[in-house]
Amino acid sequence: MRPARRRHRRHPRRRHARALAPRGRPRRKQQRVARHARRRAVGRTPPNPRRTCAKAVIVTLAGHVDHGKTSLVHALTGVDTDTLAEEKRRGLTIDLGFAYANLGDAKASRVGFVDVPGHHRFVHNMVAGIASRQFAMLVIAVDDGVMPQSREHLQILSLLGLSRGIVVLNKIDRVPPARVEEVRRDVGALTAGTFLQTAPTLPVSCTTGTGVAEVRNHIALAARADRAAGATEPFRLPIDRAFTVRGSGTVVTGTVLAGSARTDDRLVLADTGTAVRVRGVRVQNQDADAATPGDRAAINLVGVSAEEVTRGDWLLPAESREPATRICIELAVLADFPRALKHNHPVHIYHASSHAQARILLIDEAPMPGGVAARVDVATTSPMHVKIGDRVVLRDHDLATTLGGGRVVAIGEPQGRRRAPGRLRLLASVQPDDAPASACAALERGPLHADTFRRQWNLAPERMAALLGEAIEVVEIDGHWLAKAALDAAEANLREHLTRHHQQQPESSGLSEAALCSGDPAEATTLRLALHHLATTGTVRVEGGDYALASHQADIPNNVKRLFALVERPLDSIQPPSLGDIAKRLKRPFPAFEREMRALPAFGLAIRVSDTRYYLPARLLEMADQAAGLAAQGPFTVRNFRDATGVGRNVVIEVLEHFDRTGFTRRSGDTRTIVGNRNAIL
């Protein structure tokens with residue numbers, strides 16, 4: 001007889017879980033749909049090539065407090081941008097608000113609105129929401145007319161480089177038509193000479209809806225005409241918000257200033273250097289394959305928590321990070337600013353979403369009155385992440401009002417005196433909109449560090465090669481650009497100097513780099529690069545740190561020749577013995593032997609790598625070649641070098657420290673990279 005089938009009892013917890021599952025859809029399918037919805041919130045879903053996000057125009061609403069900017073956004077989009085409890089309670093905008101809508105054709109008229117605070121106490125939040133590619137909407141309530149923040153906001157929009165926009169006369173339902181025309185005339189006087197001088201002025205009532213359709217049509221036309229710049233430069237995103245999305249993680253938002261970001265891109269947070277990975281991208285509140293210049297982007301990040309990110313930080317490629325506390329700007333002081341700026345004038349500086357306290361350091365000694373423009377240095381209390389051509393706004397520390405703004409023309413501490421004639425000529429030659437012309441002007445003064453120039457101008461590496469075109473013939477030496485004419489002149493100078501020295505002191509092995517390369521910073525760098533170029537081409541040789549013409553042979557004293565004959569064989573190894581071991585082998589007193597050995601480097605017979613070890617030049621060059629081979633595969637460690645050479649750890653450390661001192665390698669933590677010419681080790 002067949003045994004009865006045993007019935008399995010379902011676990012009570014599982015049965016209970018099934019009972020709680022919503023009906024009408026399989027539980028697993030519902031979980032999958034919910035998970036997909038969470039991922040879409042920040043763009044974790046794999047990009048769909050058939051789904052592309054329209055390039056949007058971003059509209060910045062500016063104007064005095066309580067002039068109806070938030071109500072206007074609500075009338076245009078149906079979105080209330082006042083989301084903070086305090087904003088609801090006080091009835092005014094405190095922080096940035098955002099809304100998105102399709103005005104007209106959905107494919108061509110995607111519009112993002114940035115509602116900025118109107119109160120003078122929140123100007124720092126207002127500046128954080130503005131980028132030069134945006135479309136401005138200056139809102140003025142006709143019952144109040146032109147007010148102080150109407151004027152200041154227009155000044156800030158102009159200083160930040162906005163070039164398109166409209167003026168909206170709001171609350172027309174509250175006043176008679178004559179008042180509307182009176183305010184229209186006042187607005188004409190306000191905008192005269194600004195980028196809004198010829199802009200349309202549109203009367204609107206958010207209460208009755210009058211004029212809203214006309215505003216919507218004007219913005220839709222701007223959206224269809226908008227064409228953002230290309231995305232070939234390195235990515236830059238000033239962060240204005242950071243928050244956590246459940247199930248996805250940290251999300252940061254901002255307006256993309258340059259470049260593009262895609263899923264799995266590796267970037268860093270500029271303030272801390274924290275490495276992050278892009279998990280997903282949304283632009284204009286829609287899923288997207290990439291965030292490009294002009295986009296309002298939300299970037300989902302892996303590798304950092306929202307608490308570690310603050311407004312004013314930046315999302316950049318690691319190689320673009322170059323924080324600076326000293327910049328030079330072309331400052332234009334507003335004509336109505338009541339004070340003349342003096343040296344060390346305290347200010348607040350605003351750059352994209354970042355803010356710092358700073359001091360103005362005048363280059364010209366005379367104070368700067370209102371309406372004057374000049375190049376000035378700005379020293380900040382905290383690092384800023386600027387690029388040449390970026391726009392900044394300055395507000396007076398004591399008066400709490402905007403004093404002016406300008407564009408960045410130089411980054412970093414000046415070499416030498418701030419008012420040195422050479423520096424003044426260089427600053428005057430910088431054209432923030434023309435990198436090639438600025439590079440040519442700099443090369444006329446001296447060498448140009450190519451990587452620094454690329455970072456400060458935010459140029460892609462592939463653009464550097466074609467930057468100058470045929471404008472000027474350039475030679476690249478040790479990471480620097482040098483005009484060919486300047487190189488030829490410097491090499492002729494060095495050859496003449498060495499020839500004269502050899503004639504006057506034939507017994508000398510040569511001259512040191514310091515003796516050959518003197519002068520102002522630019523001249524000294526030119527001579528140093530020319531000297532290295534001569535060494536690379538074999539025109540000069542390096543012996544014990546001294547440079548000599550290749551044809552020169554110093555007279556070696558007989559006692560030095562006899563000493564070298566004794567030690568040449570022990571030193572002929574990639575792991576030569578220490579001086580103490582050689583002294584014992586030769587049965588020589590160590591103190592006297594050590595003093596005698598110091599003569600060998602002067603004649604290029606041996607290289608002193610440490611207090612107790614010497615190398616033959618050929619053997620040390622073998623070690624340098626081993627290091628170069630490792631560095632070709634990436635940064636290398638002491639252990640990598642030891643394994644490659646078969647030399648003991650203590651000797652390896654002595655050799656690598658010699659490489660560091662001579663500028664052949666650079667140590668960073670536990671790794672090293674090649675940064676100089678191998679001949680420098682001699």
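Every read-out reported here was derived from the displayed coordinates using simple, explicitly stated rules and does not represent laboratory data. These numbers come from a predicted model, not from an experiment. Cβ placement follows ideal geometry from the backbone for every residue including glycine, while neighbour counts extend to all protein chains displayed.
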Filter pass, T665 being in contact with a Leu (Cβ under 8 Å, 6 or more places away or on another chain) and under 30 Å from N558 (Cβ atoms): no
Name the single residue that is surrounded by the most Cβ atoms within 10 Å (Cβ to Cβ) among those in the stretch 532-546 being under 27 Å from E596 (Cα atoms) and in contact with a helix residue (DSSP H, G or I) (Cβ under 6 Å, 6 or more places away or on another chain). V540
Listing of helices (runs of 4 or more DSSP H) fully contained in the stretch 498-589 that carry 2 or more residues being without any contact (Cβ under 8 Å) to a residue 24 or more places away in the chain, among the small types (G, A, S) and farther than 20 Å from P617 by Cα: 513-516
Taking the stretch 317-353 and keeping residues polar (S, T, N, Q) and either without any contact (Cβ under 8 Å) to a residue 60 or more places away in the chain or within 23 Å of I156 (Cα to Cα) (or both) leaves T325, N344, S353
Could you check the stretch 267-287 and list, in sequence order, the residues that are assigned to a loop (DSSP other than H, G, I, E, B), surrounded by fewer than 20 Cβ atoms within 10 Å (Cβ to Cβ) and not small (G, A, S)? D271, T272, T274, N285
The stretch 619-652 - residue that is assigned to a helix (DSSP H, G or I) and of a type in the set (V, I, T) and, of those, nearest to the chain's Cα centre (by Cα): V638
Out of the residues in the stretch 577-618 meeting the condition of being among the charged types (D, E, K, R) and either touching a strand residue (DSSP E or B) at 6+ places or on another chain (Cβ under 6 Å) or buried (at least 19 other Cβ atoms within 10 Å of the Cβ) (or both), tell me which one is nearest to I556 (Cα to Cα). R608
Quick one: would you say L237 is within 30 Å of M384 (Cα to Cα), in contact (Cβ under 8 Å) with a residue 12 or more places away in the chain and either in contact with a strand residue (DSSP E or B) (Cβ under 6 Å, 6 or more places away or on another chain) or part of a loop (DSSP other than H, G, I, E, B) (or both)? yes
Restricting the stretch 389-443 to residues that are buried (at least 19 other Cβ atoms within 10 Å of the Cβ) and among the hydroxyl-bearing types (S, T, Y), the one nearest to M464 (Cα to Cα) turns out to be S438
Residue, surrounded by the fewest Cβ atoms within 10 Å (Cβ to Cβ), within the stretch 444-484, restricted to residues that are touching a Phe, Trp or Tyr at 6+ places or on another chain (Cβ under 6 Å) and closer than 23 Å to D390 by Cβ: A450
